[in-house]
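The values are calculated or read from the model by the stated rules, or taken from the named source; none is laboratory data. Every value quoted in this text rests on a predicted model; they were computed, and no experiment measured them. Here Cβ is always computed from backbone atoms with ideal geometry, including for glycine, and neighbour counts include all displayed protein chains.
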Amino acid sequence: MNVETKIPYYYKSVDFEKLVTEYEPPLEFMEGTWKWSREKIEETQLKRLKETLAKGSEIPFFQRLWAKRDFSPKDVKSLDDISKIPSYTIDDIRDSINLDPPFGDYQKYHLEDGKHTPLRFYTSGGTTGSPRPTIYSAWDREIGAILSARTFYMHGIRPGDAVMNSWAYSTHNAAWIMDHGLWQWLGCTPITTGTGAVTPTEKQVEFVKTFGASSILATSDYLIHIGNTAKKMGLDPKVDLNIKTLSAFGPKEEVKKVWGCPVYDSYAFHEVQYVAAECEAEDGLHVFEDAFIVEIVDFETGEVLPPGHRGNIVVTALYKTSTQQIRYNIQDISASYKVKQCACGSWHKKIDYFQGRSDNMIKLRGINIWPEAIGEYIKENPKVNGEYFCYVERVGSPARDEMTVIAEAKHASSDYFLLKKELEELLKRKVGVKINVSIVDEDELQPLTGHGIRAKLKRFEDRR
Ligand SMILES: [Zn+2]
């Protein structure tokens, strides 16, 4: 048997003093980084961007990408030069995995490096194609956890709170980084129910009631489902469940109606963890600008767009020591806000709430449409319950693309034909092209969307 002489113990693997000085945890953050001037923010970003480019230049993926586009890190002398750095999308990540399976050549570490330094491995992309792995160092995990804790603190979660985590504890990062944030950087106790597939929703309601959870982490869709399940169990979520505040992902209005407490939104994704969080002003999401540079670019040209224009989110993570994300076009739709001091006092740049995925975007008769926008529009009709599923198919001769949205009626007694006509007229008015509508009974879409089971609901299918 081999005798190991060294184990990379976690407690020795991170310089925690350096970590909390550079990336402040919630309390220090609210008094410190949160109040930075634009000068201080931009000066820090430029310094960290240059360090990030130096780390990127050691990774084969970026060497190839940058050589192909004739870019050198030396080209970046000011923050404005960031647009000179080639951006990339999920397609480039897929190519990288095909080139060097199964991890791709975009990772800094491979799993055998765990011998020298503690690593974590998570994947994304269960819904669209094969899983895309990301390997995280201890430093990257700790900062991800700090970013989570900052978000929860901004949303009113406090030390001593028990927080039910209804995200999937799986190979996906989300539940884990939230868990670490609550536990290690906020003094909260996570209640690790996971999604409805692991702990049935009725049981989750009982957990909240029995153990006195004061908050729940879940998508907006699932928060609504938990609340409605409580009602079916004869409980009033507003009275019988003592929820203080909710940190959601997605539209908040319906969540507020069901739970009757403050609800805040945020934006995060698997590879880089929490990017932006809503503040008490409830007007857009503040980017954590000490840890990220976020740009919004044109769907087609990739040109950086001025404030107020919808485009794709491009993220550069500034804090990472392992796998880098340098101008990663994540193809999530948003818009930037004009840079100014927020009512909350912060100068950290804001972006709009998540609008949907542009790789689900369909061009019908020259107009860009995406499922999440359709979902928002149909909610204007009070006779539907907000559940929806869209698909696009190619029909007729000559062939043309048609989109259909299936919506659930709130009451079985509604006139479905009339409701279909009303929604088709509403969508025609809002979107500008004809979209077919089909009405079904409540809960009938569950097999398609995975409502109550999946953390992130499926809203779209391309049947072309
Ligand atoms: Zn603010």
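Here are the numbers for the structure shown:
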| quantity | calculated |
| --- | --- |
| Close pairs from the stretch 92-110: first within 17 Å of residue 322 (Cα to Cα), partner charged (D, E, K, R) and in a loop (DSSP other than H, G, I, E, B), Cβ under 7 Å, at least 6 apart | 96/105 |
| Per-region count, the stretch 334-372, residues under 26 Å from residue 90 (Cα atoms), more than 16 Å from the ligand (Cβ to nearest atom) and in a loop (DSSP other than H, G, I, E, B) | 7 |
| Flag for residue 283 being in contact (Cβ under 8 Å) with a residue 24 or more places away in the chain and within 16 Å of the ligand (Cβ to nearest atom) | yes |
| The lone exception for residue 247 - which of (1) touching a Gly at 6+ places or on another chain (Cβ under 8 Å); (2) assigned by TED's automatic domain parsing to the domain that holds residue 210; (3) under 30 Å from residue 122 (Cβ atoms); (4) of a type in the set (S, T, N, Q) it fails | (1) |
| Single condition residue 310 does not satisfy, out of (1) at pLDDT below 95; (2) within 16 Å of the ligand (Cβ to nearest atom) | (2) |
| Residue, surrounded by the most Cβ atoms within 10 Å (Cβ to Cβ), within the stretch 61-80, restricted to residues that are farther than 21 Å from residue 99 by Cα and among the small types (Gly, Ala, Ser) | 72 |
| Segments classed as helices (runs of 4 or more DSSP H), wholly inside the stretch 1-91, with at least 2 members that are at pLDDT 95 or above and among the β-branched types (Val, Ile, Thr) | 16-22, 38-56 |
| Pairs, first assigned by TED's automatic domain parsing to the domain that holds residue 317 and on the phi < 0 side of the Ramachandran plot in the stretch 33-52, second in a helix (DSSP H, G or I) and surrounded by 20 or more Cβ atoms within 10 Å (Cβ to Cβ), C-beta under 6 Å, six or more apart | none |
| For residue 257: the one exception among (1) within 30 Å of residue 131 (Cα to Cα); (2) surrounded by fewer than 24 Cβ atoms within 10 Å (Cβ to Cβ); (3) away from the ligand (no atom under 16 Å from the Cβ) | (1) |
| Some residue of the stretch 136-156 being modelled with pLDDT of 95 or more, assigned to a strand (DSSP E or B) and touching a strand residue (DSSP E or B) at 6+ places or on another chain (Cβ under 6 Å) | yes |
| Count of residues meeting criterion [of a type outside the set (Asp, Glu) and more than 16 Å from residue 364 (Cα to Cα)] in the stretch 398-428 | 16 |
| Flag if residue 295 is away from the ligand (no atom under 16 Å from the Cβ), of a type in the set (D, E, K, R), out of contact with any Asp or Glu (no Cβ under 6 Å at 6 or more places or on another chain) and free of Cβ contacts under 8 Å to residues at least 60 places away in the same chain | no |
| Filter result for the condition that a residue is outside the structural domain of residue 295 (by TED's automatic domain parsing), loosely packed, with under 15 Cβ neighbours inside 10 Å and farther than 22 Å from residue 180 by Cα, over 4, 58 | 4 |
| Strands (runs of 3 or more DSSP E) completely within the stretch 383-464 that count 2 or more residues being of a type in the set (Phe, Trp, Tyr) | 384-395 |
| Members of the stretch 137-195 found to be among the polar types (S, T, N, Q) and surrounded by fewer than 21 Cβ atoms within 10 Å (Cβ to Cβ), listed by number | 170, 171, 184, 189, 192 |
| Test: residue in the stretch 263-270 that is on the phi > 0 side of the Ramachandran plot and surrounded by fewer than 20 Cβ atoms within 10 Å (Cβ to Cβ) | no |
| Candidates 328, 353, 377, 319, filtered to the one that is at pLDDT 90 or above, closer than 22 Å to residue 273 by Cβ and over 15 Å from the mean Cα position of the chain (by Cα) | 319 |
| Test: residue 152 is over 14 Å from residue 13 (Cβ atoms) and within 15 Å of the chain's Cα centre (by Cα) | yes |
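Condition check ((1) outside the structural domain of residue 400 (by TED's automatic domain parsing); (2) within 29 Å of the chain's Cα centre (by Cα); (3) at negative phi) across all residues:
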position	(1), (2), (3)
429	no, no, yes
443	no, yes, no
447	no, yes, yes
453	no, yes, yes
